[in-house]
Amino acid sequence: MNFRIASQITIKLKDSLGGVRQIVEELKKRYANSLSIAMENEKEGSQLLITGPSLSKAAEQLISQNLEYSEDEVIVIPMDEAKGKLTNITHSFLESNIELDYICPITRLDQSEQSLVFKVSNIPLASSVLSKAA
């Protein structure tokens with residue numbers, strides 16, 4: 001199965017509309033071909049999920065804007081690879097005692113690709129499970 005390990009930064013925003021627009025526009029200028037984004041709305045505001053291969057420069061930018069964020073490793077599977085296989089993937093993780101924190105759809109900033117992000121408890125084991133999947 002085609003998948004990759006990526007970094008994901010989660011940013012909590014209170015001014016969701018203006019804050020998201022500002023961050024996305026700035027990221028598009030620098031990373032349009034490599035980053036993906038997703039939004040999650042909460043009562044206290046929104047979360048912007050930014051996923052990509054190397055986010056150290058994006059993290060520096062967030063720090064310079066006084067934005068709080070957290071960074072995690074995630075597994076990214078292109079949507080066409082996951083289509084029709086989502087139940088098998090999640091079942092395989094459960095059988096291997098891999099906790100699944102969340103699954104989130106993401107879209108590249110240039111909108112060239114849609115994928116699913118899997119936040120799991122054990123990236124190496126999950127990678128092994130996916131590598132063995134047909």
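Structural remarks
- In segment 41-66, residue modelled with the lowest pLDDT [restricted to those that are closer than 21 Å to Pro78 by Cβ and not in a loop (DSSP other than H, G, I, E, B)]: Gly52
- No other residue among Arg108, Arg4 is touching a Leu at 6+ places or on another chain (Cβ under 8 Å) and either at pLDDT 75 or above or among the hydroxyl-bearing types (Ser, Thr, Tyr) (or both) apart from Arg108.
- Number of the exception - Ile103 against (1) free of Cβ contacts under 8 Å to residues at least 40 places away in the same chain; (2) touching a strand residue (DSSP E or B) at 6+ places or on another chain (Cβ under 9 Å); (3) loosely packed, with under 14 Cβ neighbours inside 10 Å: (3)
- Selection within segment 115-134 - part of a strand (DSSP E or B) and under 16 Å from Met79 (Cα atoms): Ser115, Leu116, Val117, Phe118, Lys119
- Checking each residue in segment 77-90 for being surrounded by fewer than 13 Cβ atoms within 10 Å (Cβ to Cβ), within 16 Å of Phe3 (Cβ to Cβ) and over 19 Å from the mean Cα position of the chain (by Cα) picks out only Gly84.
- Candidate set: segment 86-114, residues that are acidic (Asp, Glu) and part of a loop (DSSP other than H, G, I, E, B); chosen: the one farthest from Lys29 (Cα to Cα): Glu99
- Every pair of residues 6+ apart whose Cβ atoms lie under 6 Å, when the first sits in segment 40-62 and is closer than 12 Å to Leu27 by Cβ while the second is among the aromatic types (Phe, Trp, Tyr) and modelled with pLDDT of 75 or more: Leu62/Tyr69
- Residue match in segment 125-133 (condition: surrounded by fewer than 16 Cβ atoms within 10 Å (Cβ to Cβ) and among the basic types (Lys, Arg)): yes
The values are calculated or read from the model by the stated rules, or taken from the named source; none is laboratory data. Here the structure is a predicted model, which is why all the values come from computation and not from measurement. Cβ sites come from the backbone with ideal geometry, for glycine too, and all protein chains shown count toward neighbours.
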